[in-house]
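I have placed the structure first, in the form of structure tokens, so that the comments after it can refer back to it.
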Amino acid sequence: MTTLTPTTLAEPRVQLALNVDDIDAAVAFYSRLFAAAPHKRRDGYANFALTEPPLKLVLIENPGHGGSLNHLGVEVGSTEEVAAATARLTHSGLDTLVEDATTCCHAVQDKVWVTGPGAERWEVYTILDDAPAESSSACCTGDNDSCCTPDGRCTG
């Protein structure tokens, strides 16, 4: 499998964020599954930015909730694409929550959130910058069932 840096993102890709009981075991498994090293690794967090298949796999250590869905997303290449998605989603009648330059999942992002009929959280987002490991960007870690509150705000 091939990894891709956020600055070279040519096409949108689906994001799947999974809760895992043991981040080290999960990283070892997904590294073998995709034949790729994590794109980013932090305490209790890892992500794989794959081009083949086009996927952003996010692993969030959340003991006791392993194997469950954390949230879903579509990573796009620019703030303009997030704005276009926001307009499209709003026009289609969905309630949206916009977050500009928010620090979440160890990155600074522009994003829009919507909630599916099964209460699944979806984000359309772009990465503006990396967040330092010592920053308070651990919104997707800890004892949270989701990296965001019910209204879509980052909990970290």
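The values are calculated or read from the model by the stated rules, or taken from the named source; none is laboratory data. Because the structure is a prediction, the values reported are computed rather than measured. As a convention, Cβ positions derive from the backbone with ideal geometry for all residues, glycine included, and neighbour counts pool all protein chains shown.
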field: strands (runs of 3 or more DSSP E) enclosed by segment 40-156 - at least 3 residues per element that are at pLDDT 90 or above and under 27 Å from residue 29 (Cα atoms)
entry: 40-42, 45-51, 54-61, 69-75, 121-130
query: Could we say that residue 49 is surrounded by 21 or more Cβ atoms within 10 Å (Cβ to Cβ) and under 20 Å from residue 123 (Cα atoms) here?
result: yes
query: Can you spot a residue in segment 20-27 that is within 28 Å of residue 118 (Cα to Cα) and in a loop (DSSP other than H, G, I, E, B)?
result: yes
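Within segment 75-97, is even one residue aliphatic (A, V, I, L, M), closer than 26 Å to residue 20 by Cα and either crowded, with 19+ Cβ neighbours inside 10 Å or over 16 Å from the mean Cα position of the chain (by Cα) (or both)?
Initially, segment 75-97 is screened for residues aliphatic (A, V, I, L, M), giving 76, 82-85, 87, 89, 94, 97.
Now restrict to residues that are closer than 26 Å to residue 20 by Cα: 76.
Checking which are either crowded, with 19+ Cβ neighbours inside 10 Å or over 16 Å from the mean Cα position of the chain (by Cα) (or both) leaves us with 76.
The answer is yes, given that some residue of segment 75-97 is aliphatic (A, V, I, L, M), closer than 26 Å to residue 20 by Cα and either crowded, with 19+ Cβ neighbours inside 10 Å or over 16 Å from the mean Cα position of the chain (by Cα) (or both).
Which residues, taken from segment 81-97, are farther than 16 Å from residue 119 by Cα and touching a Ser or Thr at 6+ places or on another chain (Cβ under 8 Å)?
Our first condition is that a residue be farther than 16 Å from residue 119 by Cα; within segment 81-97, this holds for 81-93.
Within segment 81-97, 81, 82, 86, 89, 90 meet the criteria.
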